[in-house]
Structures are given as structure tokens and as C-alpha cells.
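One structure below.
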Amino acid sequence: MRSKLPKVLHPLAGQPMISHALGAVRELVDLPPVLVVGYGAEQVREAIGDQAEYAVQEKQLGTGHAVSSARSKLEGKADTIIVTYGDMPLLRGQSLKDLLALHQAGESPVTMTSFTGDKARMFGRVVRDESRHITGIVEEAVATPEQLAICEYNVGAYCFDADWLWASLKKIPVSPKGEYYLTDLVGLAVEEGYAVESNVIEDPDEAIGVNNRVHLATAEKVMRQRINEGWMLFGVTILDPDTTYIESSVTIGRDTIIYPNTHLQGETIIGEGCGIGPDTTVMDTKMGDQVRVIASTLEKAVVEDHVTMGPYCHLRKGAHLQEGVHLGNFGEVKQSVLGPGTKMGHFSYIGDAKIGENVNIGAGTITCNYDGEKKNPTEIGDDVFLGSDTMLVAPVKIGDRSVTGAGAVVTRDVPPDTLVLGVPAREKRKLEKSD
């Protein structure tokens, strides 16, 4: 990967590659998965935490040696061992379930996984005799021309009888490279008279392994297609899947429409009947039903039902738009609550503020919340009308039903039902219900 980051921690659909591999086995097993780590072990532990137990492979001496490193964690605790790889994030949990079922139905101590296709991808070839019985696996580097013509490839996921596995690992011969290959166990079982079976997966993309960033991009594309297809079958409309990027941790409600060039990331939750995009990025944001967002960026925000916003709005961390809020173009909100029905005109900034119901925030309004040393709060009551280009110099409070004139610079608290004008803003008069 030419990276300081361990290969299995490179992100795929918003999650470390290894998280997808662990997710595929999590529902199959009754013990925590054992993750064999070597290079970058501490980084992997820190990223994955208690999703797995860890076995350290001090020297990288091949796949057989890697499995031997996990022996102390599993011997005597499990009758059946599934082995798969952290750099094969596209292998589905269902394929591993099928592998386990095939193994349990047979008599061989080892069952393998393979696929057929026209792309070798440097996989070992599955060699069969005239009766179609598996006789062994030949690595591409040492295969003869006749063997290279074989179109059945070893995926590298196995199911073993535990006792046979631990005993047989000692019998693996060292390769010319000084490594011990798990693939040799297939030939060993055949030599012992067992009929080794293979679960042949239908989708060759499941077997894509990631060894460089070109492979990573290929896997990302496949994963993105899977995610998008899953949401479309669930009831979400995606107008252009090729330009829609949805991470695996995102949740979307039915009848929502995702427009082109939209990115949904992190722990984002989107309700039903929304319209998101085009040209929109949503990160770690919770969104209600019937929300419409156009060409905007939302990060770590909360958006309640029936909110409309955009184009070119920016919700930063801590922004909370309550029901029915409208944000015009080029509006920015940070660490603030906008009450139900509030409307914020274009070219406005609201930071560190609490705003009531049905407030009109005129175009160009700004909360001047930073005094050079600390952030200061602004509090605005219900039914307030803020004229265009109002400057609210925090800390400041605006009472219910008050009005600021266009261009007002508010430096002092404004009582309820009061009109203020000027620079600095001063009370013009009290407002009556008829105003």
C-alpha cells in the first residue's frame, strides 16, 4: 500500500477494511473472532478494540504460520475453525455460512472456497482430476501452462475440523520462500484419503483481495454498488448510483430520493420522504422526515421534520434545526438551535445561539460570537424579526416579538416588543400588537 497505515485499516465505504471482514464472520460464530496481527499491530488494536481477540504473528512466515499463531486462543474451545482474510473485505457472510454448511454436511476435515471466471487476480488454481475431485491447489507463481489455463481459483477461505487443523499445521512443508502455506492442507487431506469439497461462490467480486490502492479503489466501487443496490431494493430512489456515495454505516428511510453527486457518511440517519442533493455532503447527521436539502454540507447536526435548506448551506457541529425551519442559500449555522418555523435568509451566520419559534432572520444577519478570546452566546425569543444585515454582538438577548432595523448593530439586550435601530442599535419605540 506504500503507507504508514496498516493495510487492513485503509477505509472502505467509511469503515476500516478489516471491519467488513469481521462483520462477515460475526453472525456465524459463538466465540469472538481471533485477529492475527503483525505489522502495525498496535494501530489495529486501537482501531478495532474489542471487536476481536488478538494473536500476534511475530514473524511473517506465511498463512499457515499465521493460523498457528492463533492456536493458543482457540485450541480446546472450538470444534470447527473458519479461516478468512482481513484484506478480502467483499466476502459475504452468506458465503461463509454456505461454506460452514457444506463442511458440516461432509466428512473431510477441510472444506475450501473457490470461484470461476476469466480473471486470475494471481489466485492459486484449484486442480481437479477427471472425476472432478479436488486433488490440490497450485499457486500461480509455480503453476505450469496447463494449470494456468484452469479457470477455478482458490479464494482462501476455509473451514476446518479443529483437532485435525492443529495436528496438520505441523506437517506443512516450508516453501522455497521460507514460508508455510495454508493451501498445502488441502493436498494433505487428499493424501489422507479425504474428498475435499469447495463452496463455489457465484459472485467473483467477493474474492477481490486488496494488495494496493488500485485494488482498494476496485473494492470501493463494488462495495458502493452493493450499498446503493441494497437501499434501492429497500425503497430509496437513487437517481444516479454511479455518482452517489453512501457509507456502510448510513441509515435511510423509505421514499427518500438521493440526487446525483451526494455523499452520505459516518453515522448519518435520514428519515422517510426526504430529498437529498444534488451536490450534497452529509456527515454524522440525524435527519427527520420530509427534509429537502440542495447543494449543501451538513456535519454532526440534527435536522428535524419538514426542514428545507440550500443551496450552499453549511451546518457545522452542534447545529440543530427544529421542525419546519428554512435556510436560504449561503446560510451557516454552528452550535445553535433554530426553533420551529424559523426562517433564515441568505448570506447569514448563526453561531452559539438559541433562537425561538417563527423568527425571521434577515439576509446578512450575523451573530458576532467571538470576542478574540472566547465564544459568547446569543439568545433570541419567539416571533422576532431581524432586519437584513443585523449584527448581534454577543453576549446579547433579544426579547419576544422584537424587531431590529436593517443594518442594526445590537450591542445590548433588547426587551420584548421593542423596535431597535441604528449603530449601535437603540430603542426606537415599543411595539403594539397591531405593528
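The residues of segment 172-186 that are more than 20 Å from Glu107 (Cβ to Cβ) and in contact with a helix residue (DSSP H, G or I) (Cβ under 8 Å, 6 or more places away or on another chain), listed by number, are Ile172, Pro173, Glu179, Tyr180, Tyr181, Leu182, Thr183, Asp184. Selection of first residues in segment 205-223 that are within 9 Å of Pro89 (Cβ to Cβ) and of second residues that are small (Gly, Ala, Ser) and in a helix (DSSP H, G or I), restricted to Cβ pairs under 6 Å at least 6 apart or on distinct chains, gives the following pairs, ordered by first then second residue: Ile208/Ala219; Val210/Ala219. Take the conditions (1) surrounded by 15 or more Cβ atoms within 10 Å (Cβ to Cβ); (2) modelled with pLDDT of 95 or more; Pro204 misses just one of them, which is (2). For Arg71, are the conditions met, namely being within 19 Å of Ala189 (Cβ to Cβ), basic (Lys, Arg) and either in contact (Cβ under 8 Å) with a residue 24 or more places away in the chain or loosely packed, with under 15 Cβ neighbours inside 10 Å (or both)? So Arg71 fits the description; yes. Residues of segment 352-369 being part of a strand (DSSP E or B) and either among the acidic types (Asp, Glu) or more than 34 Å from the chain's Cα centre (by Cα) (or both), which ones? Answer for segment 352-369, where residues must be part of a strand (DSSP E or B) and either among the acidic types (Asp, Glu) or more than 34 Å from the chain's Cα centre (by Cα) (or both): Asn360, Ile361, Ile366, Thr367, Cys368. When Gly178 is tested against (1) outside any loop (DSSP other than H, G, I, E, B); (2) surrounded by fewer than 20 Cβ atoms within 10 Å (Cβ to Cβ); (3) at positive phi, just one condition goes unmet, and that condition is (1).
Out of Ala157, Ala143, Ala189, Ala195, which single residue is in the same structural domain as Val127 (by TED's automatic domain parsing), in contact (Cβ under 8 Å) with a residue 60 or more places away in the chain, more than 20 Å from Leu96 (Cα to Cα) and aliphatic (A, V, I, L, M)? Sole residue among the options that is in the same structural domain as Val127 (by TED's automatic domain parsing), in contact (Cβ under 8 Å) with a residue 60 or more places away in the chain, more than 20 Å from Leu96 (Cα to Cα) and aliphatic (A, V, I, L, M): Ala189. Within segment 14-56, the residues that satisfy the criterion of being without any contact (Cβ under 8 Å) to a residue 40 or more places away in the chain, among the hydrophobic types (A, V, I, L, M, F, W, C) and over 22 Å from Thr268 (Cα atoms) are Val36, Val37, Ala41, Val44, Ala52, Ala55, Val56. In segment 12-34, of all residues being within 23 Å of the chain's Cα centre (by Cα) and part of a loop (DSSP other than H, G, I, E, B), the one that is surrounded by the fewest Cβ atoms within 10 Å (Cβ to Cβ) corresponds to Glu27. For segment 389-417, a residue qualifies if it is among the polar types (S, T, N, Q) and surrounded by fewer than 19 Cβ atoms within 10 Å (Cβ to Cβ), and exactly one does: Thr411. When you scan segment 35-128 for helices (runs of 4 or more DSSP H) that lie fully inside it, which ones turn up with 1 or more residues that are in contact with a Pro (Cβ under 8 Å, 6 or more places away or on another chain) and either within 29 Å of Val222 (Cβ to Cβ) or among the basic types (Lys, Arg) (or both)? Ranges flagged: 41-48.
Restricting Met122, Met112 to those that are surrounded by fewer than 16 Cβ atoms within 10 Å (Cβ to Cβ) and within 33 Å of the chain's Cα centre (by Cα) reduces the list to Met122. Residues in segment 151-174 that are surrounded by fewer than 17 Cβ atoms within 10 Å (Cβ to Cβ) and of a type outside the set (D, E, K, R): Cys151, Ala167, Pro173, Val174. Give segment 138-169 a look and list any residue that's assigned to a helix (DSSP H, G or I), modelled with pLDDT under 95 and not polar (S, T, N, Q), or say none. Within segment 138-169, Glu140, Ala141, Val142, Pro145, Glu146, Leu148 qualify.
The values are calculated or read from the model by the stated rules, or taken from the named source; none is laboratory data. All values reported here derive from a predicted model rather than from experimental measurement. Because the Cβ atoms are built from the backbone with ideal geometry, glycine has one as well, and the counts that use them run over all protein chains shown.
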